[in-house]
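> Let me begin by handing over the structure; questions about it come next.
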Amino acid sequence: MFEEPEQEPAERPSDPSAMAQEKADAASMHAELAAVFEGCRKFDAQLYPGFDPQLVRDIQRGIGKLEKAKSPDSPVLPPASASEAAELLNLPTTRDLPTNDYHIHRRPGEVMIVRWLAGDEVDNFYQRLQAHFDAAIEGFKEDDRQALEWKQDPKTQAYLKALDAIDIKMPDRYLRDPIRQHKLFVLSTQSADEINIQYLCETIMGVSIADLVGPKSLPPDEPSEHDLAWYFKLFSLRGMVEDVERMCFFTFLQKTDETFDSE
């Protein structure tokens with residue numbers, strides 16, 4: 001399970017298998033980003049700005065506490081954190097909140113988004129996650145075959161062979177069966193120092209930038225790359241609550257030129 005991979009490694013791996021694994025990790029990150037945020041385009045999800053500020057802060061603190069509780073070597077939460085994880089996953093039931101949709105809390109230069117999935121919605125998520133991964137890795141394979149297969153050196157040929165052999169089942173990577181069979185709670189993260197907010201909104205979500213970040217945080221009419229750059233961190237919490245498979249995605253977005261107020 002990936003945990004906050006570096007965006008720009010100091011040195012790219014030279015081992016062919018490690019190079020192929022790097023492509024697999026990139027495809028996995030893309031797949032999760034697409035599956036989490038495509039709800040408005042694919043599943044009639046709605047954006048709900050004005051989410052209860054106190055509740056979203058409670059969720060932020062709860063997620064932060066869970067992140068600190070788990071081992072750096074595994075996304076599986078310790079048994080002592082199970083009740084807190086279950087409480088966060090079950091908030092749609094206890095607070096009468098819709099699942100599938102995007103609950104948004106905004107401040108100038110800062111956006112927090114919470115999305116819950118349950119039952120069949122989780123099934124749909126995993127189907128889309130696998131489809132996005134398969135499309136991304138096939139794209140990498142095709143591009144690199146065309147660019148590199150003329151090279152006959154052993155290292156290049158070994159890399160192409162390792163890349164072609166990649167066949168990852170994303171539910172396994174996300175520990176779906178252990179979650180369901182052993183009632184585990186799992187928290188994983190993905191982050192980027194800079195994500196293009198226009199790409200996230202318009203290409204992946206199918207909404208305008210204003211719909212997500214609000215009028216006070218809009219970039220100028222002719223934005224530069226810096227104007228569109230936001231810090232991004234996504235938390236993915238998964239588990240079983242009352243025999244129902246549930247997911248909670250908590251996303252923190254902040255303009256890169258803003259100062260973080262941790263509250």
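> If you check Ala192, Ala165, Ala158, which single one turns out to be touching a helix residue (DSSP H, G or I) at 6+ places or on another chain (Cβ under 9 Å), surrounded by fewer than 19 Cβ atoms within 10 Å (Cβ to Cβ), closer than 29 Å to Lys70 by Cβ and of a type outside the set (D, E, K, R)? Explain how you work it out, then say what you get.
Numbers: Ala165 fails: closer than 29 Å to Lys70 by Cβ; Ala158 fails: closer than 29 Å to Lys70 by Cβ.
After ruling out the rest, the residue left standing is Ala192.
Residue by residue, here is whether (1) under 24 Å from Pro49 (Cβ atoms); (2) in contact with a Ser or Thr (Cβ under 9 Å, 6 or more places away or on another chain); (3) not aliphatic (A, V, I, L, M) holds:
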position	(1), (2), (3)
Pro215	yes, no, yes
Glu222	no, no, yes
His226	no, yes, yes
Trp230	yes, yes, yes
Ser236	yes, yes, yes
Met240	no, no, no
Asp243	no, no, yes
Met247	yes, yes, no
Lys255	yes, yes, yes
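> All but one of (1) surrounded by fewer than 18 Cβ atoms within 10 Å (Cβ to Cβ); (2) within 22 Å of Lys169 (Cβ to Cβ); (3) at pLDDT 95 or above hold for Ser17; which doesn't?
Failing condition for Ser17: (3).
> Please tell me if Pro223 is over 28 Å from Asp144 (Cβ atoms) and surrounded by fewer than 16 Cβ atoms within 10 Å (Cβ to Cβ).
Details: over 28 Å from Asp144 (Cβ atoms): yes; surrounded by fewer than 16 Cβ atoms within 10 Å (Cβ to Cβ): yes.
Considered against the rule, which asks whether it is over 28 Å from Asp144 (Cβ atoms) and surrounded by fewer than 16 Cβ atoms within 10 Å (Cβ to Cβ), Pro223 comes out as yes.
> Could you check segment 228-242 and list, in sequence order, the residues that are of a type outside the set (Phe, Trp, Tyr) and at pLDDT 95 or above?
Residues of segment 228-242 of a type outside the set (Phe, Trp, Tyr): 228-229, 233-234, 236-242.
Answer for segment 228-242, where residues must be of a type outside the set (Phe, Trp, Tyr) and at pLDDT 95 or above: Leu228, Ala229, Lys233, Leu234, Ser236, Leu237, Arg238, Gly239, Met240, Val241.
> Right, next: Within segment 144-155, track down each residue that is touching a helix residue (DSSP H, G or I) at 6+ places or on another chain (Cβ under 7 Å) and not aliphatic (A, V, I, L, M). Can you show your working first?
First pass over segment 144-155, keeping only residues touching a helix residue (DSSP H, G or I) at 6+ places or on another chain (Cβ under 7 Å): 144-145, 148-149, 155.
Asp144, Arg145, Glu149, Lys155, listed by residue number.
> Can you say whether Val114 is closer than 20 Å to Tyr48 by Cβ and touching a His at 6+ places or on another chain (Cβ under 7 Å), as far as the supplied structure shows?
Values: closer than 20 Å to Tyr48 by Cβ: yes; touching a His at 6+ places or on another chain (Cβ under 7 Å): yes.
Answer is yes for this residue.
> Could I ask something else about it? If you go through segment 121-137 one residue at a time, do you hit one that is farther than 19 Å from Lys23 by Cα, in contact with a His (Cβ under 8 Å, 6 or more places away or on another chain) and surrounded by 17 or more Cβ atoms within 10 Å (Cβ to Cβ)?
The answer is no; no qualifying residue exists.
> Return the only residue of Leu55, Leu117, Leu77, Leu33 being surrounded by fewer than 16 Cβ atoms within 10 Å (Cβ to Cβ) and either of a type in the set (Phe, Trp, Tyr) or touching a residue at least 24 places away in the same chain (Cβ under 8 Å) (or both). First the steps, then the outcome.
Details: Leu117 fails: surrounded by fewer than 16 Cβ atoms within 10 Å (Cβ to Cβ); Leu77 fails: surrounded by fewer than 16 Cβ atoms within 10 Å (Cβ to Cβ); Leu33 fails: surrounded by fewer than 16 Cβ atoms within 10 Å (Cβ to Cβ).
The match here is Leu55.
> Let me ask something additional. Taking the stated definitions as given, is Glu22 part of a helix (DSSP H, G or I), in contact (Cβ under 8 Å) with a residue 24 or more places away in the chain and among the acidic types (Asp, Glu)? Give the derivation first.
Details: part of a helix (DSSP H, G or I): yes; in contact (Cβ under 8 Å) with a residue 24 or more places away in the chain: no; among the acidic types (Asp, Glu): yes.
Taking the combined requirement at face value, the residue does not satisfy it.
> Looking at segment 80-100, which of its residues are among the polar types (S, T, N, Q) and exposed (fewer than 15 other Cβ atoms within 10 Å of the Cβ)? Before you say what the answer is, go through the steps one by one.
Just the residues of segment 80-100 that are among the polar types (S, T, N, Q), to begin with: 81, 83, 90, 93-94, 99-100.
Result: Ser83, Thr94.
> Specify which of the listed residues (Pro98, Pro92, Pro49, Pro53) is out of contact with any helix residue (DSSP H, G or I) (no Cβ under 8 Å at 6 or more places or on another chain) and closer than 24 Å to Arg180 by Cβ. Break it down into steps so the answer makes sense when it comes.
On the way: Pro98 fails: out of contact with any helix residue (DSSP H, G or I) (no Cβ under 8 Å at 6 or more places or on another chain); Pro49 fails: closer than 24 Å to Arg180 by Cβ; Pro53 fails: closer than 24 Å to Arg180 by Cβ.
Unique residue meeting the criteria: Pro92.
> State which residue is nearest to Ser71 (Cα to Cα) when the search covers only segment 81-127 and only residues that are at pLDDT 95 or above and of a type in the set (Gly, Ala, Ser).
It comes out as Ser81.
The values are calculated or read from the model by the stated rules, or taken from the named source; none is laboratory data. Given the structure is predicted, the values throughout are model-derived calculations rather than measurements. Quick reminder, even Gly has a Cβ in these numbers, built from the backbone with ideal geometry, and neighbours come from all protein chains shown.
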